[in-house]
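One structure below.
Coordinate-derived values only; no laboratory data. Everything numeric in this text was worked out from a predicted model, so none of it was measured. Glycine gets a Cβ as well: all are built from the backbone with ideal geometry, and neighbour counts include every protein chain shown.
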Amino acid sequence: MRRLLGLSIPPWGLLSANVLIAGIFLLASPAMSKEPYEGKLAFDIMRGDKLIGRHIITFRDVDGETHVDIEVSLLVKIGFLTVFRYGHTNREVWRGGRLVSVTTDTDDNGKPFEVRAEKRADGFHVQTLAGESVLTTAITPTSYWNSEILKNLHWFDTQRGILLEIDLEEGDIEPVVLANGQSIEARRYDVTGDLNQTVWYTPEGEWVKLAFLARGADIEYVLTDGYTGTSLTEAE
């Protein structure tokens, strides 16, 4: 698995510049699983017991469309020396509960990536720095806030602009501790394949945690803002 800090780096590398047409009929994109979160969903990104970054998602209604803006920023230091820096911005536009465009820019420790994806009649047209493609299957972006990602295994890598091949195994319901020390119940899902990670959702479909291994270190997302449920228990 070639992946760094939660955003996938697929094993086959970048796409060629050729336009790939896989079919002539675009399946409808999975709908949003629920009404958008109110305002903001935010996580601290922890490397062991050290805070190394933030993942913030904001939701806005714009002329009947849902605009989802995502910002990921990471900084890993050893003493005063910066050993890794990562920045990722993503805007998803949803109309009528369906994904219509994805626009991302990424700085992966100095290496740039761009994705410009737009739904058209014949598929999702994807433009990256490596070339163009047309995806003719239903896709769900790897932004995780939409639990419909669990129902559609055609995951769209928002950093590289390609489809990922993954397997998903449903686990048990278990406690997840939030940044404020409170505990909620959420179901664990183990992801393998082009991604190797674990993600947790509440029974209501709210994303509350992400965990994976990167460069031999445990990385964990701890929810700081955005949980809308009311069934809270004290953390052990």
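With label points built 7 Å along Cα→Cβ from the Cα atoms of E132 and A217, find their separation and express it in nm. Result for the modelled spin labels: 4.1 nm.
Ranked for footprinting exposure by Cβ neighbours inside 10 Å, fewest first, F124, F113, F84 give F84, F113, F124. Relative contact order of region 112-215: 17 percent, from C-alpha pairs under 8 Å at least 6 residues apart in sequence. Converting phi to 3J(HN,Hα) with the Karplus coefficients 6.51, -1.76 and 1.60 and the offset θ = phi - 60°, region 130-135 yields 8, x, 10, 8, 10, 9 Hz in sequence order, with x at every glycine or proline. Look at I173, I139 and count the other Cβ atoms within 10 Å of each Cβ; fewest to most, that gives I173, I139. Residue by residue, region 169-181 carries 3J(HN,Hα) couplings of 10, 6, x, 7, 7, 8, x, 10, 8, 7, 4, 7, x Hz when phi is fed to the Karplus relation 6.51 cos²θ - 1.76 cosθ + 1.60 (θ = phi - 60°); x denotes Gly or Pro.
Per-residue 3J(HN,Hα) values for region 184-191, derived from phi via the Karplus relation 6.51 cos²θ - 1.76 cosθ + 1.60 with θ = phi - 60°, read 10, 8, 8, 8, 8, 10, 9, 10 Hz in sequence order (x marks Gly and Pro).
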